[in-house]
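Structure first, commentary second.
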Ligand SMILES: [Zn+2]
């Protein structure tokens with residue numbers, strides 16, 4: 001088992017990597033970025049159509065901020081810094097648009113189905129929702 005021990009732990013290096021706080025942050029960023037592709041792939045396979053789950057944008061945001069901080073404070077390499085300097089902007093924008101859209105969805109009062117924004121009738125049960133419902137309530 002000596003060869004195995006040398007491979008895993010050698011010269012104070014675990015897996016040949018000199019570990020420190022920033023190395024952990026950098027590898028955590030890599031792990032988060034790797035996981036988001038698995039999350040998206042799983043969601044797509046599950047629904048049998050291409051989907052981007054909300055978790056994808058949260059993981060993108062977390063991974064890019066971890067790697068940006070690693071690049072800024074540890075690596076201090078302009079190429080690496082610029083690669084992650086602005087990518088978080090569309091991630092945040094996508095999250096804002098997603099949550100606004102989700103908030104604009106209407107709950108069907110009859111069956112509880114989540115109806116698209118500005119819809120007049122529930123696509124599941126056909127009962128009136130949104131503005132039509134408010135008007136019929138007044139009469
Ligand atoms: Zn309904």
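Which residues, counting only those in the stretch 81-112, are without any contact (Cβ under 8 Å) to a residue 24 or more places away in the chain and within 16 Å of the ligand (Cβ to nearest atom)? Let's see the steps before the verdict.
Of the residues in the stretch 81-112, the ones without any contact (Cβ under 8 Å) to a residue 24 or more places away in the chain are 81-86, 89-90, 93, 96-97, 99-105, 107-108, 110-112.
Within the stretch 81-112, 105, 107, 108, 110, 111, 112 qualify.
Given the structure, is residue 36 in contact with a helix residue (DSSP H, G or I) (Cβ under 7 Å, 6 or more places away or on another chain), surrounded by 15 or more Cβ atoms within 10 Å (Cβ to Cβ) and at pLDDT below 95?
Values: in contact with a helix residue (DSSP H, G or I) (Cβ under 7 Å, 6 or more places away or on another chain): yes; surrounded by 15 or more Cβ atoms within 10 Å (Cβ to Cβ): yes; at pLDDT below 95: yes.
Yes.
Does residue 81 satisfy being in a helix (DSSP H, G or I) and surrounded by fewer than 13 Cβ atoms within 10 Å (Cβ to Cβ)? Show your work before the answer.
Numbers: in a helix (DSSP H, G or I): yes; surrounded by fewer than 13 Cβ atoms within 10 Å (Cβ to Cβ): no.
The answer is no for residue 81.
State which residue is modelled with the lowest pLDDT when the search covers only the stretch 84-117 and only residues that are in a loop (DSSP other than H, G, I, E, B) and touching a helix residue (DSSP H, G or I) at 6+ places or on another chain (Cβ under 8 Å).
The first filter runs over the stretch 84-117 and keeps only residues in a loop (DSSP other than H, G, I, E, B), leaving 86-87, 105, 108-113, 116-117.
Imposing the further condition that a residue be touching a helix residue (DSSP H, G or I) at 6+ places or on another chain (Cβ under 8 Å) reduces the set to 87, 109, 117.
Working: 87: 93, 109: 85, 117: 80.
Filtering the stretch 84-117 for residues that are in a loop (DSSP other than H, G, I, E, B) and touching a helix residue (DSSP H, G or I) at 6+ places or on another chain (Cβ under 8 Å), the one modelled with the lowest pLDDT comes out as 117.
Looking at this structure, is residue 123 at pLDDT below 95, out of contact with any helix residue (DSSP H, G or I) (no Cβ under 8 Å at 6 or more places or on another chain) and either exposed (fewer than 14 other Cβ atoms within 10 Å of the Cβ) or assigned to a helix (DSSP H, G or I) (or both)? Show your work before the answer.
On the way: at pLDDT below 95: yes; out of contact with any helix residue (DSSP H, G or I) (no Cβ under 8 Å at 6 or more places or on another chain): yes; either exposed (fewer than 14 other Cβ atoms within 10 Å of the Cβ) or assigned to a helix (DSSP H, G or I) (or both): yes.
In short, yes.
The values are calculated or read from the model by the stated rules, or taken from the named source; none is laboratory data. No experiment lies behind these values; they were computed from the predicted model shown. Don't worry about glycine lacking a Cβ; one is built from the backbone with ideal geometry, like all the others, and counts go over all protein chains shown.
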